[in-house]
Amino acid sequence: SISGTASEVDVAPTDSNNVVVTVGGRVLVSTDALAAGGLTFTDITHNLPGRFVGGVAFDPNDPSTIYAALGGFSGFPGGHVFRTSLTASSWTDISPPLDLPFNTIAVDGSETPTALYTGTDFGVLRSVDGGASWSVLDDLHFPRAPVFELVYHRGELRAATFGRGVFSFVAPRWPTIAVNLEHNLEFGE
């Protein structure tokens with residue numbers, strides 16, 4: 001049984017026996033969710049900072065890899081997005097160099113490495129290299145509003161904000177040109 005109120009739950013898409021649950025600042029995992037005798041949970045919080053875990057997600061392609069997004073302020077640039085595996089004894093900080101609340105996380109398993117999306121108090125960030133670098137997702141159209149839920153499904157990312165509605169991001173199916181306003185209108189990818 002779980003002591004406390006569970007706030008987030010995720011089931012590994014490729015192995016339904018693997019379930020991860022957050023309870024405040026703790027992360028619990030089960031690898032026997034489909035067992036006849038009932039599931040058991042192991043606390044894998046390890047070295048995570050003692051802050052609220054706002055989002056947790058399994059990698060869609062690897063049922064042993066888990067990502068977590070933490071709320072609150074860390075007091076330094078980083079300390080908000082983490083990765084671990086079922087066999088690891090610690091979490092790896094893969095955060096962007098920011099100190100603001102991270103509220104949710106979504107993972108796209110259509111490419112390798114998988115794209116990570118995090119909802120923060122000021123919008124959505126994306127990493128396509130396992131957390132080595134991060135970029136703002138559509139800062140031209142998307143309001144700088146707190147994002148409390150992200151869902152990725154079949155090429156579409158939906159972001160639920162506080163007070164600004166729900167937004168849908170879909171990659172265009174045609175060639176696009178991106179202009180970087182912060183780099184004197186140089187063409188980007």
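Every condition in (1) at pLDDT below 95; (2) over 22 Å from Phe169 (Cβ atoms); (3) not small (Gly, Ala, Ser) holds for Asp108 except the one numbered (2). Across the range 125-149, the number of residues qualifying as touching a Ser or Thr at 6+ places or on another chain (Cβ under 7 Å) and aliphatic (A, V, I, L, M) comes to 3. Val9 fulfils the conditions (1) open to solvent by 70 Å² or more (accessible area, probe 1.4 Å); (2) part of a loop (DSSP other than H, G, I, E, B); (3) more than 20 Å from Gly130 (Cα to Cα) except for a single criterion, (2). Going through the range 93-114 one residue at a time, which ones are in a strand (DSSP E or B) and within 22 Å of Val9 (Cβ to Cβ)? Phe102, Asn103, Thr104, Ile105, Ala106, Val107, Asp108 - these are the residues of the range 93-114 that are in a strand (DSSP E or B) and within 22 Å of Val9 (Cβ to Cβ).
Taking the listed residues Gly75, Gly54, Gly38, the one that is open to solvent by 50 Å² or more (accessible area, probe 1.4 Å) and either in a strand (DSSP E or B) or at pLDDT below 95 (or both) is Gly75, with no other qualifying.
Condition first: out of contact with any strand residue (DSSP E or B) (no Cβ under 8 Å at 6 or more places or on another chain) and farther than 23 Å from Val147 by Cα. Can you find one or more residues in the range 44-59 that meet it?
Residues of the range 44-59 out of contact with any strand residue (DSSP E or B) (no Cβ under 8 Å at 6 or more places or on another chain): 47, 50.
Filter once more, keeping what is farther than 23 Å from Val147 by Cα: 47.
Yes: one or more hits.
All conditions but one from (1) modelled with pLDDT of 95 or more; (2) over 17 Å from the mean Cα position of the chain (by Cα) apply to Asp59; the one that does not is (2). One residue stands out in the range 12-35 among those that are farther than 19 Å from Ala88 by Cα and hydroxyl-bearing (Ser, Thr, Tyr): the one that is most open to solvent (accessible area, probe 1.4 Å), namely Thr14.
Consider Glu111 carefully, then state whether it is surrounded by 15 or more Cβ atoms within 10 Å (Cβ to Cβ) and out of contact with any helix residue (DSSP H, G or I) (no Cβ under 8 Å at 6 or more places or on another chain).
Details: surrounded by 15 or more Cβ atoms within 10 Å (Cβ to Cβ): no; out of contact with any helix residue (DSSP H, G or I) (no Cβ under 8 Å at 6 or more places or on another chain): yes.
Criteria not met by Glu111.
Pairing residues of the range 116-145 that are closer than 16 Å to Tyr67 by Cβ and outside any loop (DSSP other than H, G, I, E, B) with residues that are modelled with pLDDT of 95 or more and of a type in the set (Gly, Ala, Ser), at Cβ distances under 6 Å and at least 6 apart in sequence or on separate chains, gives Leu116/Ser127; Tyr117/Ala106; Thr118/Ala69. Screening Phe102 with (1) under 21 Å from Ala160 (Cα atoms); (2) in contact with a Ser or Thr (Cβ under 6 Å, 6 or more places away or on another chain); (3) open to solvent by 30 Å² or more (accessible area, probe 1.4 Å) gives one miss only, at (3).
The values are calculated or read from the model by the stated rules, or taken from the named source; none is laboratory data. Bear in mind that the values here come from a model prediction, so they are computed numbers and not experimental data. Cβ atoms come from the backbone with ideal geometry, glycine included; neighbour counts cover every protein chain shown. Side chains are part of the model used for accessible areas, which takes the heavy atoms of the whole protein and leaves out ligands, DNA and RNA. Shrake-Rupley method; radii C 1.70, N 1.55, O 1.52, S 1.80 Å.
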